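What follows is a set of notes on a single structure, which appears directly below.
The values are calculated or read from the model by the stated rules, or taken from the named source; none is laboratory data. None of these values were measured; they are calculated from a predicted model. Please note: Cβ atoms are built from the backbone with ideal geometry, for glycine as well, and neighbour counts cover all protein chains shown. For the accessible areas, the whole protein counts, side chains as well, though only heavy atoms, and no ligand, DNA or RNA atoms are used. Shrake-Rupley method; radii C 1.70, N 1.55, O 1.52, S 1.80 Å.
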Amino acid sequence: MADTVPEFKARETQLMLAWMHGDAGRAKSMLTGDCIMMFGSTPPVLLDRASFVGNLADRFALRGFSFDEVTARKHGKLVWFTGHVELEMRVEHEDWKGGFLLTDLWRKTTFGGWKVEERSLAPLDPSNHLPRAITSLQMWR
């Protein structure tokens with residue numbers, strides 16, 4: 001896992017930079033043709049690759065990001081990347097900003113190498129109750 005984290009954090013950074021710079025071609029090249037994105041809003045909303053790539057330069061603009069506490073686990077031709085990411089976005093005419101849980105499923109394709117197959121992005125709960133409760137369940141502590 002140790003070698004996987006830096007490699008995929010770099011790939012994630014490249015994808016986020018493509019989004020932030022409105023580079024639709026670069027973003028498209030990093031996503032599978034049938035990539036789907038789930039946004040953890042209420043209610044949850046899906047976005048396909050064409051909709052994401054077609055709007056990332058203006059209607060769904062990323063203005064800033066930073067990663068924290070990331071993991072990447074390789075499973076054959078798949079890598080499951082998860083992390084806490086701070087985002088500053090503009091969706092239509094509204095700002096969407098703060099901490100988010102990002103999960104990406106990367107798949108090694110025959111042509112084109114590693115690409116994101118599925119992405120989930122959900123706002124983090126700002127309360128401390130749930131993390132403390134889950135931590136108390138950890139048997140290795």
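A few remarks follow.
- When the solvent-accessible area of the chain is split by element, carbon and sulfur atoms take up 55 percent of it, the probe being 1.4 Å.
- Positive dipole terminus of the chain, leading residue within 8, 46, 27 (C-beta point charges): 8
- Nearest-20 debye value, segment 63-117 charge dipole, Cβ charges on Lys, Arg, Asp, Glu: 540 debye
- In the chain, Cα pairs under 8 Å separated by at least six residues give a relative contact order of 22 percent.
- ³J(HN,Hα) computed for each position of segment 11-22 - Karplus, 6.51 cos²θ - 1.76 cosθ + 1.60, integer Hz, glycine/proline x: 5, 4, 4, 4, 5, 5, 5, 4, 5, 5, 8, x
- The structure shown yields Cα extents along the principal axes in Å, and of the options (1) 46, 34, 33; (2) 46, 39, 24; (3) 44, 38, 33 that calculated value carries the label (2).
- Nearest-20 debye value, segment 31-141 charge dipole, Cβ charges on Lys, Arg, Asp, Glu: 540 debye
- Shown are 66, 136, whose ranking by accessible area with a 1.4 Å probe and every protein chain present, most to least, is 136, 66.
- Going by accessible surface with a 1.4 Å probe and the largest first, 48, 34 read 34, 48.
- Residue-normalised accessible area of the chain, given per residue in Å² at a 1.4 Å probe: 61 Å²
- The accessible-area ordering, largest first, of the residues 94, 86 stands as 94, 86, per a 1.4 angstrom probe.
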